[in-house]
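Structure first, then comments.
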Amino acid sequence: MLFHFAAVAVLTNIAFLEIYTFYDSREPMDIKLLPDENPLHRVFVYGTLKRGEPNHKLISDAANGYSKLLGLGRTAEAYPLIIATRYNIPFLLKQPGVGHHVIGEVYDVDSKMLNKLDELEEHPGFYERDMANVLVAPEAKLKGSDNFEGVGTLMKVWIYFLPKFRASLLKSPMYSSYSNEGSHGLKYCETYVREPSYNHRLDVQS
């Protein structure tokens with residue numbers, strides 16, 4: 001009996017030694033960052049950040065962070081999209097139910113890029129980044145139409161709104177889509193050529 005127990009003990013020690021040797025000799029594990037180490041943020045852009053518009057270079061420059069175009073988007077609710085101030089800035093007024101279902105582009109961006117967008121939009125002191133529902137569809141599926149209901153997916157995304165504004169702005173022409181080259185003839189004035197003494201906030205906020 002003693003011999004039996006001794007044999008079992010020896011075999012057990014050998015097994016543990018083999019297991020230890022196996023794990024000790026392996027190459028180090030390839031540890032990858034968890035997805036939430038650098039989360040992506042979904043953003044709807046409707047103005048000068050769109051492709052072909054004056055500020056698109058910001059969102060397309062890899063030096064500012066990561067961005068990926070997901071497709072075209074259309075707001076689930078109507079909002080007033082206007083052009084205002086002497087600099088002809090497009091504004092999306094936070095007044096749901098007024099205006100049009102606005103068409104723009106939806107991007108996934110990382111935190112670095114989101115910070116750059118916040119700087120451009122002067123969030124949260126001027127514009128306010130808030131969540132809203134947008135129908136998102138791959139551009140190819142739309143095929144020149146705006147059948148977002150048929151091919152789009154409803155997503156909650158970040159949108160830059162103007163939350164506080166003069167009531168008189170609601171009498172401005174409202175657009176469903178913005179283009180700097182539009183028939184409105186209101187060319188956007190980029191930041192680097194603006195007058196330092198002029199405060200554009202005073203034109204739109206009460």
In debye, nearest 20: dipole of segment 71-193 around its Cα centre with unit charges on the Cβ of K, R (+) and D, E (-)?
-> 360
For segment 104-206: relative contact order, % (alpha-carbon pairs under 8 angstrom, 6 or more apart) = 24
Accessible-area order for 94, 50, largest to smallest, probe 1.4 angstrom, reads 94, 50
List the GluC sites (Glu not before Pro) in segment 102-192 that DSSP assigns to loop (not H, G, I, E or B) and whose Cβ has at most 13 other Cβ atoms within 10 Å. Which are they?
-> 122, 181, 190
Considering Cα pairs under 8 angstrom that are at least six residues apart, work out the relative contact order of segment 34-186 and quote it in whole percent.
-> 32
For segment 84-145, the dipole about the Cα centre with charges only on Cβ (Lys and Arg +1, Asp and Glu -1), to the nearest 20 debye, works out at 260
Can you send over the solvent-accessible area of residue 145, 1.4 Å probe, protein chains only, in Å² to the nearest 10?
-> 60
Would you list, by chain and number, the lysines whose Cα falls below 27 Å from the Cα of residue 116, excluding same-chain residues fewer than 8 positions away?
-> 32, 50, 57, 68, 94, 156, 164, 187
Along segment 52-61, what does the Karplus equation 6.51 cos²θ - 1.76 cosθ + 1.60 (θ = phi - 60°) give for ³J(HN,Hα), rounded to whole Hz, x for Gly and Pro?
-> x, 9, x, 9, 5, 4, 5, 7, 9, 8
Neighbours of residue 128 by Cβ distance under 11 Å: Lys/Arg at +1, Asp/Glu at -1, summed charge -1
Extending each Cα 7 Å along its Cβ direction at residue 168 and residue 98, get the distance between those two points in nm, one decimal.
-> 1.5
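Just for segment 64-178, what percent of DSSP beta bridges are antiparallel, to the closest 5?
On the way: 26 of 27 bridges.
About 95 percent, rounded to the nearest 5.
The values are calculated or read from the model by the stated rules, or taken from the named source; none is laboratory data. Values in this document were obtained by computation on a predicted structure and should not be read as measured data. Neighbour counts run over all protein chains shown; Cβ positions are idealised from the backbone, glycine included. We work out accessible area using only protein heavy atoms, side chains counted, and drop any ligands, DNA or RNA first. Shrake-Rupley method; radii C 1.70, N 1.55, O 1.52, S 1.80 Å.
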